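Engineer: Let me give you the structure first, and then I'll get to my questions.
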Amino acid sequence: MNIFIPTPLRPYAEGKDAVEVNAATIAEALDGLTKTYPGLRKHLFTEEGKLRAFVNLYFNDEDVRYLADKEQTAVSASDTLSIIPSIAGGVAVE
Amino acid sequence: MSAFRIKRNVYDSIRAHGEETYPHECCGALLGESTPNGWRVTEAMRAGNTRTDSAHNRYSIAPLELVRIEREARRQGLEIAGFYHSHPDHPAQWSATDFAEAHWLGCSYVITEVAQGKAVVTNSFLLTGSTEEEKQFVQESIQLEE
């Protein structure tokens, strides 16, 4: 499957905007990606190995958090995974 | 101070967006190309503000909308260079919330002060640093291009 890399993470993936990985599940795909590009790991995951709260993963047009099998969802070569850091802000302080 | 280059019509359009949504915050993405001297923005894509609960002082772009914006950028051979939003009746300076919620390292965050419905000051801040823990906003000069 193809994993789309957002602008801020491209320096850690040799400048690529997309990386092709062979994987059976989303988790395997992420594992393959971070094995090839270890520098991506700390930007995607906390030290405990959990996906950082502000990192969104979209499997085609679906938020991985809301898929029944989440990261264990099966993938095929034609699927895409988009890594999208969140965008928010504003005047108010919470 | 590093430079942030943007086409004049794009600059005008993001300021107009802030006037249109006043007294609510507007938001959108900036598309362009990376050059050795920094970003050169050639297009802006408006986004909906999902914070309808507090749109006068908060903004958020739905991730799926970002996914689609990135697809469009890719189709045009451009990159997401940064994002813009407005501060209704507040200065064009980043807030603590803007900083806490900024995660696109290496991208520019453009803020326009809209006072009484009129776009006044627009500033750009580059999110520098190589990790979330050491990120910083650095103001950059805006250079308009025809």
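The values are calculated or read from the model by the stated rules, or taken from the named source; none is laboratory data. In this text the structure is predicted, and so the values were computed from the model without any measurement. Cβ sites come from the backbone with ideal geometry, for glycine too, and all protein chains shown count toward neighbours.
Engineer: What are the residues in the stretch B:82-110 that are in a helix (DSSP H, G or I) and either more than 7 Å from chain A (Cβ to nearest Cβ) or farther than 22 Å from A:HIS43 by Cα (or both), if any? Please lay out each step first, then the result.
Structural biologist: Taking the stretch B:82-110 first, the residues in a helix (DSSP H, G or I) are B:96-100.
Of everything in the stretch B:82-110, those that are in a helix (DSSP H, G or I) and either more than 7 Å from chain A (Cβ to nearest Cβ) or farther than 22 Å from A:HIS43 by Cα (or both) turn out to be B:PHE99, B:ALA100.
Engineer: Among the listed residues B:SER86, B:SER2, which satisfies the condition of being in contact with a Lys or Arg (Cβ under 9 Å, 6 or more places away or on another chain) and either over 29 Å from A:ARG65 (Cβ atoms) or at pLDDT below 95 (or both)?
Structural biologist: On the way: B:SER2 fails: in contact with a Lys or Arg (Cβ under 9 Å, 6 or more places away or on another chain).
Exactly one of B:SER86, B:SER2 is in contact with a Lys or Arg (Cβ under 9 Å, 6 or more places away or on another chain) and either over 29 Å from A:ARG65 (Cβ atoms) or at pLDDT below 95 (or both), namely B:SER86.
Engineer: Counting just the residues of the stretch B:58-67 that are part of a helix (DSSP H, G or I) and crowded, with 16+ Cβ neighbours inside 10 Å, which one comes out farthest from the other protein chains (Cβ to nearest Cβ)?
Structural biologist: Let us first name the residues in the stretch B:58-67 that are part of a helix (DSSP H, G or I), namely B:63-67.
Filter once more, so that each one left must be crowded, with 16+ Cβ neighbours inside 10 Å: B:63, B:65-67.
On the way: B:PRO63: 4, B:GLU65: 9, B:LEU66: 5, B:VAL67: 5 Å.
Restricting to residues being part of a helix (DSSP H, G or I) and crowded, with 16+ Cβ neighbours inside 10 Å, the top hit is B:GLU65.
Engineer: Related question: Does any residue of the stretch B:122-130 turn out to be in a helix (DSSP H, G or I) and free of Cβ contacts under 8 Å to residues at least 24 places away in the same chain?
Structural biologist: So the first thing to find is which residues in the stretch B:122-130 are in a helix (DSSP H, G or I), and the list is none.
So far as the stretch B:122-130 goes, no, none of its residues is in a helix (DSSP H, G or I) and free of Cβ contacts under 8 Å to residues at least 24 places away in the same chain.
Engineer: If you don't mind, another one. In the stretch A:74-94, which residues are surrounded by fewer than 16 Cβ atoms within 10 Å (Cβ to Cβ) and among the hydroxyl-bearing types (Ser, Thr, Tyr)?
Structural biologist: Listed by number, the residues that qualify are A:SER76, A:SER78.
Engineer: Still on this model: Would the stretch B:28-44 turn up any residue that is at the interface with another protein chain (Cβ under 9 Å from one of its Cβ atoms) and either at pLDDT below 95 or touching a Phe, Trp or Tyr at 6+ places or on another chain (Cβ under 6 Å) (or both)? Please lay out each step first, then the result.
Structural biologist: Keep residues of the stretch B:28-44 that are at the interface with another protein chain (Cβ under 9 Å from one of its Cβ atoms), which gives B:29, B:34.
Filter once more, keeping what is either at pLDDT below 95 or touching a Phe, Trp or Tyr at 6+ places or on another chain (Cβ under 6 Å) (or both): B:29, B:34.
Checked against the condition, which is being at the interface with another protein chain (Cβ under 9 Å from one of its Cβ atoms) and either at pLDDT below 95 or touching a Phe, Trp or Tyr at 6+ places or on another chain (Cβ under 6 Å) (or both), the stretch B:28-44 yields at least one hit.
Engineer: Still on this structure: If B:GLU79 satisfies all but one of (1) among the charged types (D, E, K, R); (2) closer than 21 Å to A:PRO11 by Cβ; (3) facing another protein chain (nearest Cβ under 8 Å); (4) in contact (Cβ under 8 Å) with a residue 60 or more places away in the chain, what's the number of the condition it fails?
Structural biologist: Only one criterion is unmet by B:GLU79, namely (4).
Engineer: Go through the stretch A:41-54 and give me each residue that's more than 15 Å from B:GLU133 (Cβ to Cβ) and either touching a Phe, Trp or Tyr at 6+ places or on another chain (Cβ under 6 Å) or surrounded by 15 or more Cβ atoms within 10 Å (Cβ to Cβ) (or both).
Structural biologist: Of all residues in the stretch A:41-54, those more than 15 Å from B:GLU133 (Cβ to Cβ) come to A:48-51.
Answer for the stretch A:41-54, where residues must be more than 15 Å from B:GLU133 (Cβ to Cβ) and either touching a Phe, Trp or Tyr at 6+ places or on another chain (Cβ under 6 Å) or surrounded by 15 or more Cβ atoms within 10 Å (Cβ to Cβ) (or both): just A:LEU51.
Engineer: When you go through B:GLN93, B:GLN136 one by one, which is the residue that is out of contact with any Gly (no Cβ under 9 Å at 6 or more places or on another chain) and either free of Cβ contacts under 8 Å to residues at least 60 places away in the same chain or surrounded by fewer than 16 Cβ atoms within 10 Å (Cβ to Cβ) (or both)? Break it down stepwise before answering.
Structural biologist: Numbers: B:GLN136 fails: out of contact with any Gly (no Cβ under 9 Å at 6 or more places or on another chain).
After applying the criteria, what remains is B:GLN93.
Engineer: Separate question: Tell me which of these A:ALA27 doesn't satisfy, since it passes every other one: (1) without any contact (Cβ under 8 Å) to a residue 60 or more places away in the chain; (2) more than 22 Å from B:GLU133 (Cβ to Cβ); (3) surrounded by fewer than 19 Cβ atoms within 10 Å (Cβ to Cβ); (4) facing chain B (nearest Cβ under 10 Å).
Structural biologist: (4) is the only condition that A:ALA27 fails.
Engineer: State yes or no: is B:GLU33 in contact with a Cys (Cβ under 9 Å, 6 or more places away or on another chain) and either among the polar types (S, T, N, Q) or surrounded by fewer than 16 Cβ atoms within 10 Å (Cβ to Cβ) (or both)? Walk me through how you get there before you give the answer.
Structural biologist: Values: in contact with a Cys (Cβ under 9 Å, 6 or more places away or on another chain): no; either among the polar types (S, T, N, Q) or surrounded by fewer than 16 Cβ atoms within 10 Å (Cβ to Cβ) (or both): yes.
Answer is no for this residue.
Engineer: Okay, next question. May I ask you to list the residues in the stretch B:46-55 that are surrounded by fewer than 19 Cβ atoms within 10 Å (Cβ to Cβ) and in contact with a strand residue (DSSP E or B) (Cβ under 9 Å, 6 or more places away or on another chain)?
Structural biologist: Within the stretch B:46-55, the subset surrounded by fewer than 19 Cβ atoms within 10 Å (Cβ to Cβ) is B:46, B:48, B:50, B:52-54.
Answer for the stretch B:46-55, where residues must be surrounded by fewer than 19 Cβ atoms within 10 Å (Cβ to Cβ) and in contact with a strand residue (DSSP E or B) (Cβ under 9 Å, 6 or more places away or on another chain): B:ARG46, B:GLY48, B:THR50.
Engineer: Filter the stretch A:15-24 down to the residues that are in contact (Cβ under 8 Å) with a residue 12 or more places away in the chain and under 21 Å from B:ARG74 (Cβ atoms), then identify the one that is surrounded by the most Cβ atoms within 10 Å (Cβ to Cβ).
Structural biologist: Restricting to residues being in contact (Cβ under 8 Å) with a residue 12 or more places away in the chain and under 21 Å from B:ARG74 (Cβ atoms), the top hit is A:VAL19.
Engineer: Scan the stretch B:5-46 for residues that are under 13 Å from B:SER86 (Cβ atoms) and outside any helix (DSSP H, G or I) and jot them down.
Structural biologist: B:TYR22, B:PRO23, B:HIS24, B:GLU25, B:CYS26, B:CYS27, B:GLY28, B:ALA44, B:ARG46 - these are the residues of the stretch B:5-46 that are under 13 Å from B:SER86 (Cβ atoms) and outside any helix (DSSP H, G or I).
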